[in-house]
Amino acid sequence: DYYSFYAAVRKLGCIKTAVLGRYKVRFGQGLVINNDFSFGKTMFLLSQGRSFTNIRPHSSRAQADFLQGGAVMLTLTRNILLTAFTSYRKNDATLNDDGTVRTLLKSGYHRTPAEMERKNNISETAFGGNLQWNNNGFRVGLTALYSQFNRPLKPDVAQKYRADNPQGYGFLNIGASYGYINSRWNINGETAISGNGSFATLNTVSFQPSRQVSFTAIQRYYGAKYWALHANSLSEGGQMRNEMGMLIGANWTVNRFLTLTAYTDYAYFHKPRYQASIASSAWDNYISGVYTYKNLSFLVRYRFKLRQKDNKDHTKLVNEYTQRARFAFIYSGLNWDCKTQADLSYSRNKAN
């Protein structure tokens with residue numbers, strides 16, 4: 001029950017990119033808007049936190065996280081890019097008895113009568129833009145977005161972890177991105193504020209002492225009431241609010257055959273979250289190695305994660321430990337590829 005339509009042009013005079021129809025946008029670190037691809041921690045580490053300015057057509061079958069209307073990116077001068085976009089589309093939502101919106105849905109599933117009842121229950125009008133300046137490795141950008149629904153958002157705030165969820169008709173976000181890059185250093189960041197006065201910031205520093213080794217540190221803070229419905233960036237909690245954390249990682253190309261990647265990430269949630277009725281934390285650790293020789297590749301990956309959650313009586317927090325490992329063998333031939341993979345998982349937590 002889904003089709004995607006668009007018309008796009010690139011490099012036409014001062015027009016760098018223009019899309020009419022369904023499209024995706026990404027600016028800075030994604031604290032204001034990013035409904036394009038999203039980096040996980042590993043890819044964020046490998047990219048050294050680089051920011052992106054991008055408009056592209058929405059050509060996948062996913063029925064969520066896209067805009068519908070028009071967007072254009074203009075090259076004003078050699079160093080200045082100006083982007084403007086506008087959108088109107090309908091979204092799936094679960095409604096309260098009074099017609100307000102309890103939950104915005106992004107699954108795109110319309111398989112059952114219950115799911116069909118939630119289809120296109122709310123419409124959203126959005127518009128915004130981005131101005132970016134680049135020169136000699138320095139980069140500064142400014143992004144603004146305003147979106148408004150035809151029904152007000154009214155979540156069930158009686159549940160503690162939803163007490164700070166977005167509420168109301170209209171939502172404004174403004175963010176400033178910045179960065180500097182040279183042969184050894186790569187510094188990127190974005191700081192944004194929402195219409196209710198709460199703010200979020202994400203900052204990355206990467207140092208590359210040699211061509212084989214790079215070290216990266218990523219700091220983030222998302223206010224509990226930072227309301228940015230189209231934001232998407234690095235997070236442990238899956239949402240762009242109620243989180244502060246620090247990730248430190250390294251990437252080492254040992255030789256032309258072997259590459260090692262590792263990180264440790266600590267996150268703290270200063271308000272209740274799902275399955276944790278008071279402030280809690282999480283600690284994530286990862287190491288992987290990839291060995292490639294001619295057409296053969298071997299991958300070994302291990303991940304250890306500790307997360308605090310409520311015990312069964314909801315009287316205190318207990319630690320949940322999760323360990324995951326992956327072993328993979330890949331062969332790439334001229335006409336065919338082969339991949340064999342084994343995954344192991346072990347999880348435990350104290351019940352009381």
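The values are calculated or read from the model by the stated rules, or taken from the named source; none is laboratory data. Only a predicted model underlies this, so the values are computations on that prediction, with no experimental measurement involved. Here the Cβ positions follow ideal geometry from the backbone for every residue, glycine too, while neighbour counts run over all protein chains shown. Please note that ligands, DNA and RNA were not included when accessible areas were found on the heavy atoms of the full protein model with its side chains. Shrake-Rupley method; radii C 1.70, N 1.55, O 1.52, S 1.80 Å.
Per-structure values
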read-out	value
Residue tally, condition surrounded by 14 or more Cβ atoms within 10 Å (Cβ to Cβ) and more than 20 Å from Y291 (Cα to Cα), over the stretch 324-352	1
Selected residue (criterion: nearest to D156 (Cα to Cα)) from residues of the stretch 97-115 that are open to solvent by less than 90 Å² (accessible area, probe 1.4 Å) and outside any strand (DSSP E or B)	T100
Subset of the stretch 293-323 that is farther than 30 Å from P272 by Cβ and part of a loop (DSSP other than H, G, I, E, B) - its residue that is most open to solvent (accessible area, probe 1.4 Å)	K294
Candidates G237, G197 - the one that is small (G, A, S), over 26 Å from N285 (Cβ atoms) and part of a loop (DSSP other than H, G, I, E, B)	G197
T261, sole failed condition from (1) in contact (Cβ under 8 Å) with a residue 40 or more places away in the chain; (2) within 30 Å of V157 (Cβ to Cβ); (3) hydroxyl-bearing (S, T, Y)	(2)
Meets criteria (of a type outside the set (G, A, S), assigned to a strand (DSSP E or B), touching a strand residue (DSSP E or B) at 6+ places or on another chain (Cβ under 8 Å) and surrounded by fewer than 19 Cβ atoms within 10 Å (Cβ to Cβ)) for V9	yes
Where Y180 falls short, out of the listed (1) in a strand (DSSP E or B); (2) within 25 Å of the chain's Cα centre (by Cα); (3) under 23 Å from L229 (Cβ atoms)	(3)
Criterion (over 21 Å from L142 (Cβ atoms), at pLDDT 90 or above and not in a loop (DSSP other than H, G, I, E, B)) met by exactly one of T42, T94, T86	T94
Some residue of the stretch 9-16 being under 24 Å from Y169 (Cα atoms) and without any contact (Cβ under 8 Å) to a residue 24 or more places away in the chain	no
Residues of the stretch 146-168 classified as open to solvent by 40 Å² or more (accessible area, probe 1.4 Å) and assigned to a strand (DSSP E or B), total	4
